[in-house]
Amino acid sequence: MTDPLALDPLAIEARRLRVEEQLSVAEIQARLGMGRDRVYAMLRGIPPPERTRRPRARDDDRAEAVRLRKAGRSVNQIAEQLGVAKSTAYQWVRHLPLDPDAATAERRRAHSKVMTEARWSAYRESRDAAQAAEQARAAGVVGGLNERDLLVLGAAIYWCEGAKSKPWRRPVTMQFVNTDPGLLALFLRFLEVCGVDRAVPTYRVSIHESADAEAAVDWWAQRLRLPLERFRRTALKRHNPTTMRRNTGDTYHGCLVITVPRSRALYWRIEGMISELFRIADGQVEEAGP
């Protein structure tokens, strides 16, 4: 079967430039005004000229690097002496530890850690102080929370995290799920402002089966001052031992699910508040426009 490229004048010329003039792909592209992929297709099977190949590290430099490493030189010293990049020197000698004596190596690592800590400690102290000052200024802006604040804030966080009505599922029982006790406390305060006492909702902990589920229930009940008799059976998540989870240990308490019974009218109130917030926001955008 005849190779279609053998009849293509551009392909013939591209191959001639490669073989006779020893041009690179980029140079052939510029000469013929073609795209990179098309030139590669035309040159398939033709080896690149030697001058375009990336030069390899010389064997004598590599051997010298190994000799210097065995003599106790650091990667930085080897790179400087041979005139190569530190990354190149490291690749040549990474199989050779600088200190065959484990105790000496450990002392070096400890010293390096101390020096690094000294360099960064001042920066961290300055950063932490700036963070604390900024947080204090922001906290001062909040002040107290009146009834209106709690209503607007509660509606907003529910709209972000709570169960919502869908066109295919209109009736809604309000349900709020989160792992953050602070956010859950805000939602409970919102419910209280709306006339829903903490003894009205039901509560359920959702947690991995490898955790202490009973302790988690007690923790949530104490942390948010919830009646234990309103807690339903804990939902256990299957534990996958191959998954690298960070939510483990004594600080892991799972998620808390708050379900508010007979909450259709309250959900409609939230819809009304959110709708008005959206309307106000859209109006502000229009006023700020040209």
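Annotations for the structure displayed:
- Test: residue in the range 244-267 that is without any contact (Cβ under 8 Å) to a residue 40 or more places away in the chain, within 24 Å of Cys160 (Cα to Cα) and surrounded by 14 or more Cβ atoms within 10 Å (Cβ to Cβ): no
- Whichever residue in the range 216-237 is surrounded by 12 or more Cβ atoms within 10 Å (Cβ to Cβ) and free of Cβ contacts under 8 Å to residues at least 24 places away in the same chain and, among such residues, is farthest from Val257 (Cα to Cα): Asp218
- Within the range 195-212, if we keep just the residues that are of a type in the set (A, V, I, L, M) and either at pLDDT 95 or above or surrounded by fewer than 18 Cβ atoms within 10 Å (Cβ to Cβ) (or both), the residue that is nearest to Leu266 (Cα to Cα) turns out to be Val196.
- A residue that is farther than 22 Å from Ile270 by Cα, surrounded by fewer than 16 Cβ atoms within 10 Å (Cβ to Cβ) and in contact with a Pro (Cβ under 7 Å, 6 or more places away or on another chain) occurs nowhere in the range 119-141.
- Members of the range 85-127 that are modelled with pLDDT under 85 and β-branched (Val, Ile, Thr): Thr104, Val114, Thr116
The values are calculated or read from the model by the stated rules, or taken from the named source; none is laboratory data. What you are looking at is a predicted structure, and each value in this text was computed from that prediction instead of being measured. Cβ coordinates were reconstructed from backbone atoms using ideal geometry, including for glycine residues, and neighbour counts include every protein chain displayed.
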